[in-house]
Amino acid sequence: MSDEKRLISALRGKAHPIPPMWLMRQAGRYLPEYRELRSSAKSFLDFCYTPAMAAEVTLQPIRRFHFDAAILFSDILVVPDAMGQTVSFESGEGPRLDPIETPEGVAKLGAFDADKLSPVFETIDRVKSQLPSDVAFIGFCGAPWTVASYMIAGKGTPDQAPARLFAFRHHDAFQQLIDRLVEASVDYLIRQIDAGVEVVQIFDSWAGVLPANEFESWCAKPIQRMVAKLKEQRPQTPVIAFVRGADAQLPGLTRRLNADGYGLDTALDPRWAVAETAPNVCLQGNLDPLSLIAGGAALDREIDLVLEAFRGRPHIFNLGHGILPPTPIENVERLIARVRRG
Ligand code: CP3
């Protein structure tokens, strides 16, 4: 047990004096070496589907910062791509999908074709052989609600209104879409685990817009089903649920999802989360990504507040959402030095 990777032992309930750390979106545009490689790819999806490139950018932040975990470089929208929906990424504008506007659009979706994602599994294989022995390897997928919100709207929206409206108008078809995403996402995560990832994170980035009733149907229940299936089929693999904007629902989620770790978003007060959840539950988060852009004394203060709030708890240090492209590298270095000084 003693040589268990720090991130994994935290997920199994160990409180480390110096928490293991990684950053959401740690492979990305704030890194010059990422931008350089990215500029040689035809498109973002080609980049994700070229194992040599995707493996290289997965490893870049590990080489530079020696984080306690690498996260597979891919995207949550490869799942709709593998269900036959047209997916592309317009530079500077984010994802574009052929929107699903009617129940027929759901019925027309193809079966999830995991073989289409074989470059992702090859990326995992390549990363695995190059990862330092103390660095954990995280795979991921989007949660059904968040992925469905892009599939229906065809793009990112500020309030996910198109998906919410679709769910009111076409409840059964929307339920079918969620069910298909539960199945596809579990299948996809199991293939990632079998290829070599050691932990999986489920991103529900847009859970925060849902009123309680819809939150229950489209967020809590589908993730609960996913975790149950994963625990049944790959019981050794820890699962992190990042339900962004869960707010007051967080304590209830920690009692029923049966995940091993829970990501806290920026807006949650970590002292509240610590007080309201069982002491063995591993919490991940939740430094404000803007403080990491600001740097200096403001950053130091925010880091200390996070460290202090989680002291004595199983904790994985992370941001409350993804690192932003304008983040200065020296601020990331400052963050790491401060967290690791003990
Ligand atoms: O380093 C990592 O964390 C691993 C890679 C990763 C990416 N996307 C790469 C990416 C992960 C874990 C994701 C998850 C993801 N993708 C989420 C959930 C997490 C979150 O941030 O809420 C969501 C909602 C998406 C969908 C998505 N992909 C959007 C909205 C965008 C455009 C916005 C943006 O940041 O540009 C993407 C593109 C994307 N995915 C980029 C990266 C590095 C930027 C594209 C580029 O480099 O050209």
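The values are calculated or read from the model by the stated rules, or taken from the named source; none is laboratory data. This one's a predicted model, so the numbers in the text were calculated from it and none came from an experiment. Cβ placement follows ideal geometry from the backbone for every residue including glycine, while neighbour counts extend to all protein chains displayed. Just so you know, the surface numbers come from the protein's heavy atoms only, side chains and all, with ligands and any DNA or RNA stripped out. Shrake-Rupley method; radii C 1.70, N 1.55, O 1.52, S 1.80 Å.
Quick check on segment 149-174: of everything there that is without any contact (Cβ under 8 Å) to a residue 12 or more places away in the chain and surrounded by fewer than 16 Cβ atoms within 10 Å (Cβ to Cβ), which residue is nearest to the chain's Cα centre (by Cα)?
Filtering segment 149-174 for residues that are without any contact (Cβ under 8 Å) to a residue 12 or more places away in the chain and surrounded by fewer than 16 Cβ atoms within 10 Å (Cβ to Cβ), the one nearest to the chain's Cα centre (by Cα) comes out as P158.
Kindly list the number of the only condition in (1) within 10 Å of the ligand (Cβ to nearest atom); (2) surrounded by fewer than 22 Cβ atoms within 10 Å (Cβ to Cβ); (3) in contact (Cβ under 8 Å) with a residue 24 or more places away in the chain; (4) closer than 25 Å to N331 by Cα that fails for T58.
Going through (1) within 10 Å of the ligand (Cβ to nearest atom); (2) surrounded by fewer than 22 Cβ atoms within 10 Å (Cβ to Cβ); (3) in contact (Cβ under 8 Å) with a residue 24 or more places away in the chain; (4) closer than 25 Å to N331 by Cα one by one, T58 breaks only (2).
Filter segment 71-123 down to residues that are polar (S, T, N, Q), surrounded by fewer than 18 Cβ atoms within 10 Å (Cβ to Cβ), within 16 Å of the ligand (Cβ to nearest atom) and closer than 30 Å to W22 by Cα, then give me how many there are.
2
Any idea how many residues of segment 175-193 are over 20 Å from the mean Cα position of the chain (by Cα) and open to solvent by 60 Å² or more (accessible area, probe 1.4 Å)?
1
Here are V120, V127, V106: which of them is modelled with pLDDT of 95 or more, out of contact with any Pro (no Cβ under 7 Å at 6 or more places or on another chain), more than 23 Å from M226 (Cβ to Cβ) and not in a strand (DSSP E or B)?
Going through V120, V127, V106 in turn, just one is modelled with pLDDT of 95 or more, out of contact with any Pro (no Cβ under 7 Å at 6 or more places or on another chain), more than 23 Å from M226 (Cβ to Cβ) and not in a strand (DSSP E or B): V127.
Can you name the condition, by its number, that C141 falls short on among (1) within 16 Å of the ligand (Cβ to nearest atom); (2) hydrophobic (A, V, I, L, M, F, W, C); (3) assigned to a helix (DSSP H, G or I)?
The single condition C141 does not satisfy is (3).
Does at least one position in segment 28-40 carry a residue that is in a helix (DSSP H, G or I), within 11 Å of the ligand (Cβ to nearest atom), open to solvent by 20 Å² or more (accessible area, probe 1.4 Å) and not basic (K, R)?
Yes, because at least one residue in segment 28-40 is in a helix (DSSP H, G or I), within 11 Å of the ligand (Cβ to nearest atom), open to solvent by 20 Å² or more (accessible area, probe 1.4 Å) and not basic (K, R).
Restricting attention to segment 195-241, report how many residues are outside any strand (DSSP E or B), of a type in the set (G, A, S) and closer than 19 Å to A148 by Cβ.
6
Going by the structure shown, is M24 within 16 Å of the ligand (Cβ to nearest atom) and part of a loop (DSSP other than H, G, I, E, B)?
yes
State which residue pairs qualify: first residue at positive phi and inside segment 242-266, second residue open to solvent by less than 20 Å² (accessible area, probe 1.4 Å) and away from the ligand (no atom under 16 Å from the Cβ) in any location, beta carbons under 7 Å apart, and separation of 6 or more residues or different chains.
These pairs meet every condition: N258/V227.
Within segment 247-272, work out how many residues are touching a Pro at 6+ places or on another chain (Cβ under 9 Å) and either within 18 Å of A220 (Cα to Cα) or modelled with pLDDT under 95 (or both).
Counting residues in segment 247-272 that are touching a Pro at 6+ places or on another chain (Cβ under 9 Å) and either within 18 Å of A220 (Cα to Cα) or modelled with pLDDT under 95 (or both) gives 4.
Does L290 qualify as being more than 18 Å from the chain's Cα centre (by Cα) and within 16 Å of the ligand (Cβ to nearest atom)?
yes
Count, please, the residues in segment 50-95 that happen to be in a helix (DSSP H, G or I), charged (D, E, K, R) and closer than 27 Å to P144 by Cα.
The qualifying residues number 1.
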